[in-house]
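Worksheet: one structure, shown below.
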Amino acid sequence: MLVLSRRANQSIVIGTDVIVTVLEVRGDHVRLGIQAPRTVTVHREEVFAEIQRENRSAAAFSGDSLSNLPKPPG
Amino acid sequence: VLVHSERLGDLDVPDDKVLTFPEGLVGFPGDTRFVMIEIEEGASYRWLQSTDDPTLSFLTVIPWPFFPDYEPEVDDVTTQELGLHQPADAIVLCLVTVRDDSPDPVTANLLGPLVINAVSRVGRQVVLAESSYPTRAALVGG
């Protein structure tokens, strides 16, 4: 992993069009500003990982218990 | 289009039931085309079967019969890229996970719904990062 030291208001450039700026450092809390083309999706890693994990669980469903699927209320 | 599915067998699906997810689903970037299959067991459920991988299928559910208050806020970039002008243009499906050994055996992922343009049939898994919706919302029957 590439490791860079940056201060508040300093940036790094990824590729030619993604800019990550350190906005504020307070204790163990860092605020980042991200400038990226609209086509680049940016997510907090833990949210992305959670969705990915849940997708994998969903894909693993064997399908044996389909008759037990809940029917909508009402 | 002819689709082979390990779960559902060989399927001859009309072209207008083929959905395209240009970026794939989160964690499955290589599978971009799925067919949507209605199932008998429950009218709110749909299978999504990959057209390219017979072993890859997802059970999904239309969220509102179970979660009438669900309001996924789709960001402007996504609505624009999908060509959605009003909520009625969209099909929204949530992936279902079944865990027989869990107190909530059937859950729906409300945090990462599939949003699909009903006309162009192009969709995307949207991550509602700023919402507090869970990935495992229990589906409770009536």
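The values are calculated or read from the model by the stated rules, or taken from the named source; none is laboratory data. Just so you know, these numbers come straight off a predicted model, no measurement behind them. Here Cβ is always computed from backbone atoms with ideal geometry, including for glycine, and neighbour counts include all displayed protein chains. With ligands, DNA and RNA removed, areas are computed over all heavy atoms of the protein, side chains included. Shrake-Rupley method; radii C 1.70, N 1.55, O 1.52, S 1.80 Å.
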In the stretch B:1-110, what GluC sites (Glu not before Pro) fall in a loop by DSSP, with at most 16 other Cβ atoms inside 10 Å? B:Glu6, B:Glu23, B:Glu40, B:Glu41, B:Glu73
Using θ = phi - 60° and the Karplus form 6.51 cos²θ - 1.76 cosθ + 1.60, what ³J(HN,Hα) does each residue of the stretch A:14-24 get, whole Hz, x for Gly and Pro? 10, x, 10, 9, 10, 10, 10, 10, 7, 8, 7
Which angle from 0 to 90°, rounded to the nearest 10, does the C-alpha axis of helix A:45-59 make with the longest principal axis of chain A? 20
For chain A, evaluate the Debye formula with one uniform point scatterer on each Cα (no solvent term) and list log10 I(q)/I(0) at q = 0.12, 0.13, 0.15, 0.21 Å⁻¹, rounded to two decimals. -0.59, -0.64, -0.73, -1.09
How large is the convex hull of the Cα atoms of the stretch B:13-142 per residue, expressed in Å³ as a whole number? 125
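Within 10 Å of each Cβ in A:39-50, how many Cβ atoms from other chains are there, averaged over the peptide? Mind showing how you got there, number by number?
Numbers: counts 3, 0, 9, 2, 3, 3, 0, 1, 8, 5, 2, 8.
So the per-residue partner count for this stretch is 4.
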How many partner chain Cβ atoms sit within 10 Å of a residue's Cβ in peptide B:9-16, on average, as a whole number? 0
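Counting alpha carbon pairs within less than 8 Å and at least 6 residues apart, what relative contact order, in whole percent, applies to chain A? Don't jump to the answer; show the numbers that get you there.
Working: 53 pairs, mean separation 12.1, N = 74.
Here the relative contact order equals 16 percent.
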Relative contact order (percent) for chain B, with alpha-carbon contacts under 8 angstrom and 6 or more residues of separation? 20
Chain A, helix-only ellipticity at 222 nm - DSSP H runs n ≥ 4, -39,500 (n - 2.57), divided by all residues, nearest 500: -6500 deg cm²/dmol
Alpha-carbon Rg/Rh ratio, for the protein assembly as shown, with Rh computed the Kirkwood way: 1.02
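Under the definition of partner shielding as Cβ atoms of other protein chains within 10 Å of a residue Cβ, what is the mean value for peptide B:111-121? Don't skip to the answer; put the middle values down first.
Values: counts 4, 7, 0, 0, 0, 0, 0, 0, 0, 0, 0.
Counting Cβ atoms of other protein chains within 10 Å of each residue's Cβ and averaging gives 1.
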Radius 15 Å from Cβ of B:Thr79, net charge of other residues (Lys, Arg +1; Asp, Glu -1): -4
Of all accessible surface on chain B at a 1.4 Å probe, what whole percent is carbon and sulfur? 50
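List the trypsin sites (Lys or Arg not before Pro) within the stretch A:9-74 that fall in a DSSP loop (any state other than H, G, I, E or B) and whose Cβ has at most 15 other Cβ atoms within 10 Å. If you can, show how the numbers build up before the last one.
Numbers: sites: A:Arg26, A:Arg31, A:Arg38, A:Arg44, A:Arg53, A:Arg56; in loops: A:Arg38, A:Arg44.
Sites meeting the loop and neighbour criteria: A:Arg38, A:Arg44.
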